[in-house]
Amino acid sequence: MLTIFSKNNCPQCDKAKAHLKSKNIEFTEVKIDQDMDKRNWLVAQGHKSVPQVYDGDVCIGGAKEVIAKFQ
């Protein structure tokens with residue numbers, strides 16, 4: 001299952017989620033503006049922007065990479 005780290009009012013986050021939904025790909029969403037522990041974890045991984053999409057422990061990337069991977 002995919003996990004999308006996102007935040008409110010993020011057009012790129014919305015774009016990635018909409019694309020996955022259009023392909024019927026299930027995901028879990030973690031809003032980093034509502035969960036500081038998850039935000040701190042994401043920053044510790046070296047990320048500076050959202051969305052960041054993970055497949056298990058492997059980071060796929062942001063919206064652009066998700067769209068390219070799941071055509």
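The values are calculated or read from the model by the stated rules, or taken from the named source; none is laboratory data. Everything quoted here is computed from the prediction, not taken from an experiment. Every residue, glycine among them, receives a Cβ derived from its backbone with ideal geometry; neighbour counts consider all protein chains shown. Calculation scope for accessible area: heavy atoms of the full protein, side chains included, ligands and nucleic acids excluded. Shrake-Rupley method; radii C 1.70, N 1.55, O 1.52, S 1.80 Å.
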- Those residues that are within 16 Å of GLY62 (Cβ to Cβ) and either open to solvent by 50 Å² or more (accessible area, probe 1.4 Å) or among the basic types (Lys, Arg) (or both), I need them from segment 40-50; list them, please. VAL43, GLN45, GLY46, LYS48, SER49
- Being of a type in the set (Gly, Ala, Ser) and on the phi < 0 side of the Ramachandran plot is the filter here, so list the residues in segment 35-71 that pass it. ALA44, SER49, GLY62, ALA63, ALA68
- Message: Considering only residues that are closer than 23 Å to GLN71 by Cα, surrounded by 13 or more Cβ atoms within 10 Å (Cβ to Cβ) and out of contact with any Ser or Thr (no Cβ under 6 Å at 6 or more places or on another chain), which ones fall in segment 1-24?
- Response: LEU2, ILE4, PHE5, SER6, CYS10, GLN12, ASP14, LYS15, ALA16, LYS17, HIS19, LEU20
- Message: Filter segment 36-71 down to the residues that are among the small types (Gly, Ala, Ser), out of contact with any helix residue (DSSP H, G or I) (no Cβ under 7 Å at 6 or more places or on another chain) and not in a strand (DSSP E or B) and list them by number.
- Response: ALA44, GLY46, SER49, GLY56, ALA68
- Kindly indicate whether ASP33 is acidic (Asp, Glu), without any contact (Cβ under 8 Å) to a residue 60 or more places away in the chain and not in a loop (DSSP other than H, G, I, E, B). no
- Output the number of residues of segment 4-30 satisfying the condition of being outside any helix (DSSP H, G or I) and more than 20 Å from GLY56 (Cβ to Cβ). 4
